[in-house]
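The values are calculated or read from the model by the stated rules, or taken from the named source; none is laboratory data. Being a predicted model, the structure only gives us computed values, none of them experimental. Reconstructed Cβ throughout: ideal geometry from the backbone, glycine too, with neighbour counts over all protein chains shown.
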Amino acid sequence: MSAKKGPVLRDGTAVADLVDLDLQEVKLRALSDQEIYEIEQRKIFGKVWLLLGHETEIPNAGDYVQRHMGDDSVLVARARDGQVHVSLNVCPHRGMKITTHESGNTQIHTCIYHGWAFKPDGEFLGSPVADQCMHGKMLSKQELGLQKARVTLYGGLIWATWNHDGPSFEEFLGDTKWYYDMLYCRTNKGMEVAGPPQRFIVRGNWKTAGEQSAADGFHTLTLHRWLGEVGNYQSDSGKKQGSELTEEMFGAEVSSPHGHALRCIDLARKIKKLTGKDPSELSVQEKLNALPPPGMTPDMVEQLAQNLSPEQMQVMAWMPPQVGGMFPNIIFEFLYIPQPDGNVVGSLSLHTYVPKGPDKLEFTNWIFVEKDTPPELREKMIQQSVRLLGTSGMVEADDSDTWPHMTLAAKGAQARNRTMKYQALYETGAPEGWPGPGIVNEGFTKDDTQWHWWKYWYELMMAED
Ligand code: FES
Ligand SMILES: [Fe+2]
């Protein structure tokens, strides 16, 4: 691939020169530049599959939410036949928003400007004063519908893309689907949202959060070190502060040529603490009963075998995926969080970092439970989640302090040419006996997954429109 191909910025800098593929570095300028932002809107947010929500947010016919695909507002709506549709929230008449509400229920979306009306699936119904035919006679009704995105539901999660001829969602996930199935598709009834998503603005470029999510384990030990000092991961003895947190850095990490990433963290210590036994002496079933996945009780564990393969069950009882990213702007946190009483409470959440200009992102946080999660556990999970994650979450208060500083730094005349470095690489390969597919490495968390994220960003930015 020629370094001279791809977009060239107004000052003559080639986007190709922002990423050093050999040295594994990215120029800081990539983090805060209006021109790069505009190219990303076309080449990334106009092309890949994007997460917009969960079907339990719009359970009834006519329910809708307003969401964003990059800068574009979209209407996510359920039609009478139960199908979920995603349409550009822009009136084909003169460009007014079709809905200005965040959510609601209607069978007819009427533009407030001149009253053109649309069905939840985006189909044009008509304009007022029918006998005057105020939508004209030059275009058919079919041509006056809202612009439609391609939609798929996976684990109840609603995904959409403008790329109608591009890869399927399954192709986009590739080998990592095997692992995401273990998160989103492991129970019979599936997950549901615990309420509307939390949303807040962070004055940082979307990629500061996106690349961290894919999946920077290292910073947990430093930026979030309080978790080991006074938080959930204090050592039992209280002497070796942070030691429990250090242990959480070990496991297997899954990289993806499409920038997805999973950190699979070893459960051995937690299972040993709960059972008093060496996990190697326990069967997969015994381990899952002792420490069911987040959101599940021992009663629910039998559902795993109905939805997952024996190999997925083996990984679930050994080193399940707990945190990671989905390209371009998603983090999942399916965590087993130690409690002061020695038990473990799970937390299930997904965030998107919606770009709002080169220096601003909207942080959206969905908290999930399994539909079958009993009320008492559900309450504990929600409390746990809001303490650590999202608007009130102490962990993410740390993260959202770094992103604005990096974004601002990237504007400096000197700093914009400095680089971010991704040179701490695994030299290990997958754990012995690992049954899962993909690019897997074992050991202390490293930079491989994040470097794959940047390589896919580069590939998309260099691709023809
Ligand atoms: S802009 Fe919507 S009806 Fe005119
Ligand atoms: Fe973090």
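Yes/no per residue for (1) surrounded by fewer than 20 Cβ atoms within 10 Å (Cβ to Cβ); (2) hydrophobic (A, V, I, L, M, F, W, C):
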| site | (1), (2) |
| --- | --- |
| Tyr64 | no, no |
| Asp71 | yes, no |
| Asn89 | no, no |
| Lys97 | yes, no |
| Cys111 | no, yes |
| Pro128 | yes, no |
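State whether the residues of segment 419-426 include one that is part of a strand (DSSP E or B) and closer than 27 Å to Trp318 by Cα. Steps first, please.
So the first thing to find is which residues in segment 419-426 are part of a strand (DSSP E or B), and the list is 419-421.
Subsequent filtering for residues that are closer than 27 Å to Trp318 by Cα retains none.
No, that holds for no residue.
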Of the candidates Val254, Val202, the one satisfying the condition of being away from ligand 2 (no atom under 15 Å from the Cβ), over 30 Å from Arg78 (Cα atoms) and in the same structural domain as Asp447 (by TED's automatic domain parsing) is Val254
Which number in (1) buried (at least 20 other Cβ atoms within 10 Å of the Cβ); (2) touching a Pro at 6+ places or on another chain (Cβ under 7 Å) marks the one condition that Ala268 misses? (1)
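In the set Met381, Met406, Met394, which member is buried (at least 16 other Cβ atoms within 10 Å of the Cβ) and within 16 Å of ligand 2 (Cβ to nearest atom)?
Numbers: Met381 fails: within 16 Å of ligand 2 (Cβ to nearest atom); Met394 fails: buried (at least 16 other Cβ atoms within 10 Å of the Cβ).
Answer to the selection: Met406.
Can Arg387 be described as within 15 Å of ligand 2 (Cβ to nearest atom), assigned by TED's automatic domain parsing to the domain that holds Ser347 and in a helix (DSSP H, G or I)?
On the way: within 15 Å of ligand 2 (Cβ to nearest atom): yes; assigned by TED's automatic domain parsing to the domain that holds Ser347: yes; in a helix (DSSP H, G or I): yes.
Considered against the rule, which asks whether it is within 15 Å of ligand 2 (Cβ to nearest atom), assigned by TED's automatic domain parsing to the domain that holds Ser347 and in a helix (DSSP H, G or I), Arg387 comes out as yes.
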Kindly establish whether Ala160 is under 30 Å from Gln41 (Cα atoms), surrounded by 20 or more Cβ atoms within 10 Å (Cβ to Cβ) and in contact with a strand residue (DSSP E or B) (Cβ under 6 Å, 6 or more places away or on another chain). yes
Pairs with Cβ under 6 Å, 6+ apart, first in segment 248-267 and under 11 Å from Val315 (Cβ atoms), second outside any strand (DSSP E or B) and among the small types (Gly, Ala, Ser): Val254/Gly438
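If the requirement is being modelled with pLDDT under 95 and away from ligand 2 (no atom under 16 Å from the Cβ), which of these qualifies: Lys240, Lys277, Lys287?
Numbers: Lys277 fails: modelled with pLDDT under 95; Lys287 fails: modelled with pLDDT under 95.
Exactly one residue qualifies, and that residue is Lys240.
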Return yes when Arg225 is charged (D, E, K, R) and away from ligand 2 (no atom under 16 Å from the Cβ) and no when it is not. no
Leading residue by the ranking (farthest from ligand 1 (Cβ to nearest atom)) among those in segment 83-119 that are more than 19 Å from Leu50 (Cβ to Cβ) and assigned to a strand (DSSP E or B): Asn105
Out of the residues in segment 188-239 meeting the condition of being loosely packed, with under 14 Cβ neighbours inside 10 Å and hydroxyl-bearing (Ser, Thr, Tyr), tell me which one is nearest to Val345 (Cα to Cα). Ser237
Counting only residues that are more than 25 Å from Tyr422 (Cβ to Cβ) and either free of Cβ contacts under 8 Å to residues at least 24 places away in the same chain or of a type in the set (Ser, Thr, Tyr) (or both), give me the strands (runs of 3 or more DSSP E) lying completely in segment 25-80 with at least 1 of them. 63-69, 72-78
